[in-house]
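Coordinate-derived values only; no laboratory data. Everything quoted here is computed from the prediction, not taken from an experiment. A quick note on method: Cβ atoms are made from the backbone with ideal geometry, for glycine too, and the neighbour counts reach across all protein chains shown.
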Amino acid sequence: MGNRQSIAGDQIAVPTQETHVWYRTFMTEYPSGLQTLHEFKTLLGLQGLNQKANKHIDQVYNTFDTNKDGFIDFLEFIAAVNLIVQEKMEQKLKWYFKLYDVDGSGSIDKNELLDMFVAVQALNGQQTLSPEEFTNLVFHKIDINNDGELTLEEFINGIAKDQDLLDIVYKSFDLSNVLRVIYNGKEPDTEADSSKSLDKAGLGKVKMK
């Protein structure tokens, strides 16, 4: 698909010829060149969330704000776009690991995973598995040394080999539909926005197979 340019770390950027499209759209929406947390939530159609759901969205925003200045600039935005549109499973799972590792310790404990999926349930509604059941299932399947913590290696290797867990993790925060709207320059369907906002953000219900 043509030349590609590096945007962040070892990620591969979106095609060079498409970057200007994203830049023009980003600067049109955010003339200051910076997207705030409030604007991020508005983009996703996620307003009036409860405390747990807000915590989840805040953590997502913080993982995209790589320089920790409280804003998302264009390079951070395009890195996020690239993360979502690229097909490399390992890179996506690294990002989810960072999302779940709330305290930045380099490992995920049961409380962190439980809290995160309580927040996901607050966004998505009732799941087939409760957050407690899902957390216990994850640790039962992929905590190889049974120490109650998941390392990056355990997380990536374990989730990648289990399609059911992979589907749940991927769908816990999926921005692909939102990005498609932005890229095509179309406004989201305004009819019944309140009932469709989560679907527009790719946050539909997830079921175990």
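Does the stretch 98-118 contain any residue that is surrounded by 21 or more Cβ atoms within 10 Å (Cβ to Cβ), touching a Pro at 6+ places or on another chain (Cβ under 6 Å) and hydrophobic (A, V, I, L, M, F, W, C)? There is at least one residue in the stretch 98-118 that is surrounded by 21 or more Cβ atoms within 10 Å (Cβ to Cβ), touching a Pro at 6+ places or on another chain (Cβ under 6 Å) and hydrophobic (A, V, I, L, M, F, W, C). If you filter the stretch 132-171 down to residues that are buried (at least 18 other Cβ atoms within 10 Å of the Cβ) and among the aromatic types (Phe, Trp, Tyr), you find that the one that is nearest to Lys94 (Cα to Cα) is Phe155. Look at the stretch 140-159: where a residue is in contact (Cβ under 8 Å) with a residue 24 or more places away in the chain and a partner is in a loop (DSSP other than H, G, I, E, B), sitting 6+ places away or on another chain with Cβ atoms under 8 Å, you get Lys141/Asp162; Glu149/Asp143; Leu150/Asp143; Thr151/Gly106; Leu152/Gly106. For Glu76, the conditions (1) more than 14 Å from the chain's Cα centre (by Cα); (2) acidic (Asp, Glu); (3) surrounded by 18 or more Cβ atoms within 10 Å (Cβ to Cβ) all hold with the exception of (1).
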